[in-house]
Amino acid sequence: MLRAFFACSPVRLVTRGIIFLIQQGERIANVARARAMLPQSRDVVMHWSVEVKFPERIKLGTRVIVGPGTTLGGDAGIVLGDHVRISKDVVIETAGLDFSGPAPYPHVAKPIVIGAGVWIGTRAIILGGVTIGERAIIGAGAVVTKDVPADAIVTGAPSLIRSRKPKVPLPEVHQARAHEPDNA
């Protein structure tokens, strides 16, 4: 009886409408949260489950996408260029501990800079003091502890540069925005 009720066309249409409205509400909430946490950023898509530490020290370019479960630990500052894509469960953490002395270990933090057009795969870890060049690809599960040149493809833990992509220029508009000072 219920199966026949839910199988009829008007009920399916109403159900699809409700699902559509819920999805649109989630998108609006995600955009509102991103704008509230990072007001200087434009055209940012950030899943509601993204953890942001020290949002005032994080600068995002335009059209940045941050996937679910990602952690942005910006103690020393994080700069993301235009068109950066971050997959789910990525950790970008500027802070760590200095193990050179006796316990309790002091906190240390180094900034992270990620260039325009970079793609970071699922569950990659980017640690403090790293600069990733434009258009680089960081493979899923990679642990990046050293600088990555532009157009590099990096995989593994510890990360290794596997190859270089052919250089494809970014549109001039987007390159200029990554280096412009914030006028807000």
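The values are calculated or read from the model by the stated rules, or taken from the named source; none is laboratory data. The structure displayed is predicted, hence computed values, not measured ones. Here the Cβ positions follow ideal geometry from the backbone for every residue, glycine too, while neighbour counts run over all protein chains shown. Surface accessibility is based on the protein's heavy atoms, side chains included, excluding ligands, DNA and RNA. Shrake-Rupley method; radii C 1.70, N 1.55, O 1.52, S 1.80 Å.
Observations
- Centre separation in Å (Cα based) which lies between region 91-116 and region 9-60: 30 Å
- Efficiency of FRET from Cβ geometry, Phe99 and Arg35, R₀ 35 Å, rounded to 0.05: 0.35
- Close amide-amide hydrogen proximity is noted between Val130 and Val113, each under 5 Å apart and 5 or more residues distant or on a separate chain (H modeled in the peptide plane; Pro and chain starts excluded).
- Under 5 Å between amide hydrogens, built in the peptide plane, is the criterion, and for Gly117 it picks out Asp82, His83, Val84, Arg135 among residues at least 5 positions away or on other chains.
- Ordering Ser100, Ile125, Ile137 by Cα displacement along the dipole of region 83-144 toward the positive end leaves Ile137 in first place; charges were set at the Cβ atoms of Lys, Arg (+1) and Asp, Glu (-1).
- Carbon + sulfur, % of accessible area of region 17-126 - ligands and nucleic acids excluded, 1.4 Å: 63 percent
- Residues with amide H under 5 Å from that of Asp75, placed H, sequence gap 5 or more: Thr94, Ala95
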